[in-house]
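Heads up: the structure comes next, in structure tokens.
Quick note: the coordinates plus some simple rules give every number you see, no bench work behind them. All values derive from a computational prediction rather than experimental measurement. Cβ sites come from the backbone with ideal geometry, for glycine too, and all protein chains shown count toward neighbours.
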Amino acid sequence: MHSAASRGYKSLKNTLLSYPIQYRYIMGVIVFYDRENKEKTVELGKNMLVKDLLAKMGINPVTVIVSRGDSIITEDEQIGEDDRINLFSVISGG
């Protein structure tokens, strides 16, 4: 019997294997999400973009502001293995 983590890894692995070779390397990216008030490591393929990270986490890009260090970055920015990504929820009201 396979654990949920094992099934999740196999799913990610199968997804990455469908990508061109430059995207297949798996890296861990440290992400702080203010909505959950915690930091976690998210596994992504090499050369993945912010929008890939958000999709993996199930987050709609228009609901967060993404930063790397002191800089705000767009969903088309590439993520590196040593990056620490912050996700800040956008709050609006009327």
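So that you can scan it fast, the table gives a plain yes or no per residue for (1) touching a helix residue (DSSP H, G or I) at 6+ places or on another chain (Cβ under 8 Å); (2) free of Cβ contacts under 8 Å to residues at least 24 places away in the same chain; (3) at positive phi:
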{"site": "33", "(1), (2), (3)": "yes, no, no"}
{"site": "42", "(1), (2), (3)": "yes, yes, no"}
{"site": "45", "(1), (2), (3)": "yes, no, no"}
{"site": "49", "(1), (2), (3)": "no, no, no"}
{"site": "55", "(1), (2), (3)": "no, yes, no"}
{"site": "61", "(1), (2), (3)": "yes, yes, no"}
{"site": "65", "(1), (2), (3)": "no, no, no"}
{"site": "72", "(1), (2), (3)": "no, yes, no"}
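Could you tell me which residue of the range 62-79 is nearest to residue 34 (Cα to Cα), considering only residues that are of a type outside the set (D, E, K, R) and within 11 Å of the chain's Cα centre (by Cα)?
66
For the range 45-94, a residue qualifies if it is hydrophobic (A, V, I, L, M, F, W, C) and in contact with a Pro (Cβ under 7 Å, 6 or more places away or on another chain), and exactly one does: 54.
Pull up the range 50-94, narrow it to residues that are of a type in the set (Ser, Thr, Tyr) and surrounded by fewer than 10 Cβ atoms within 10 Å (Cβ to Cβ), then point me to the one that is farthest from residue 30 (Cα to Cα).
92
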